[in-house]
Amino acid sequence: MASTDVLAVFGPLNNEPPASSFATLDVRNGHPVLDFDAAADESAVFTGILPRNYAGGGLTVNIHWAATSATSGDVRWQAAIEAIASQDIDSDGFAAAQSASGTANGTSGVETITAITFTAGAQMDSLAAGGAFRLRVTRDADGTTGTDDMTGDAELIAVEVRET
Amino acid sequence: MAVLSDSDRAELHALFMSDTSRERQTIAGLSKPDLRAAVNAADDWAEANKAAYNNALPVAARTALTAAQKAQLLMYVIRRRYVVGA
């Protein structure tokens with residue numbers, strides 16, 4: 001694998017919802033989506049294995065999403081990685097989340113792609129090729145890390161993980 | 001009754017966004033802070049006009065209904081006018 005190669009793709013049906021503050025599964029014109037609330041932070045979690053041909057670079061997590069009802073405004077997305085190797089799975093061990101903002105399309109059903117980047121190493125929880133991992137995607141609805149002023153839910157359509 | 005507390009207004013703000021999202025109502029060009037300002041203004045208006053509403057009711061209803069019942073009556077009328085009948 002090399003830079004820009006796709007390493008993993010997740011859809012709403014792959015979500016492993018956390019015990020609390022979880023994004024909720026919904027259907028939009030037959031498309032499964034995950035609804036992230038506008039007033040409180042909510043998360044979705046996906047499990048994968050980093051392909052063995054991963055070349056050791058950073059990662060870019062592309063979040064494909066659309067506004068439920070809004071036609072303007074920004075959503076603040078966060079992503080965090082937990083390498084499962086050496087992790088006691090009875091507790092969580094996500095590395096610090098990385099963040100990025102995306103702006104809603106002028107048509108609420110049209111997607112926006114928001115990229116969140118990770119440098120190799122600690123930001124990726126030192127995840128290595130062939131390693132199992134969890135990816136947690138969060139809407140920072142209360143704007144702790146940046147402006148989130150879009151009214152209404154943000155609907156996650158898909159997540160792509162690429163080598164940067 | 002005084003205006004709603006900040007936490008009550010925040011709860012209404014969240015509830016409005018949740019309900020409109022569930023119903024897939026389009027909200028164009030309005031940010032979360034803008035919507036919160038509207039919640040505040042609506043509550044301020046209700047406070048400023050509560051006496052006028054009470055005085056608008058016929059004496060019989062004004063006397064017999066509790067404050068909560070008068071509020072519920074107004075809610076029913078507004079809902080019929082602007083939501084169900086929209």
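Please treat every number below as a calculation from the coordinates, not as lab data. Please read these numbers as outputs of a predicted model, since none were measured by experiment. Backbone-built Cβ (ideal geometry, glycine too); neighbour counts: all protein chains shown.
Neighbouring Cβ atoms from other chains, within 10 Å of the Cβ of residues in A:31-40, number 3 on average. Evaluate the relative contact order of chain B (contact order divided by residue number), counting alpha-carbon pairs under 8 angstrom at least 6 apart; express in whole percent. Normalised by residue count, the contact order of chain B is 30 percent.
What ranking do A:20-29, B:14-23 get when scored by the average of other Cβ atoms within 10 Å per residue, highest first?
Details: A:20-29: 13.8, B:14-23: 17.0.
Top to bottom by mean Cβ count within 10 Å: B:14-23, A:20-29.
Under 1.5 on a/c is rounded, so check that first for chain A, then, if it is not, pick prolate when a/b is larger than b/c and oblate when it is not; a ≥ b ≥ c are the square roots of the alpha carbon gyration tensor eigenvalues. Prolate, since a/c reaches 1.5 and a/b exceeds b/c. Protection proxy ranking for B:68-77, A:79-88, using the average of other Cβ atoms within 10 Å per residue and placing the highest first: A:79-88, B:68-77.
Taking K and R as +1 and D and E as -1, what net charge do the other residues with C-beta under 11 Å from the C-beta of A:LEU127 add up to? The partial results should precede the final answer.
Details: positive: A:ARG134; negative: A:GLU82, A:ASP125.
Cβ neighbours under 11 Å give a net charge of -1.
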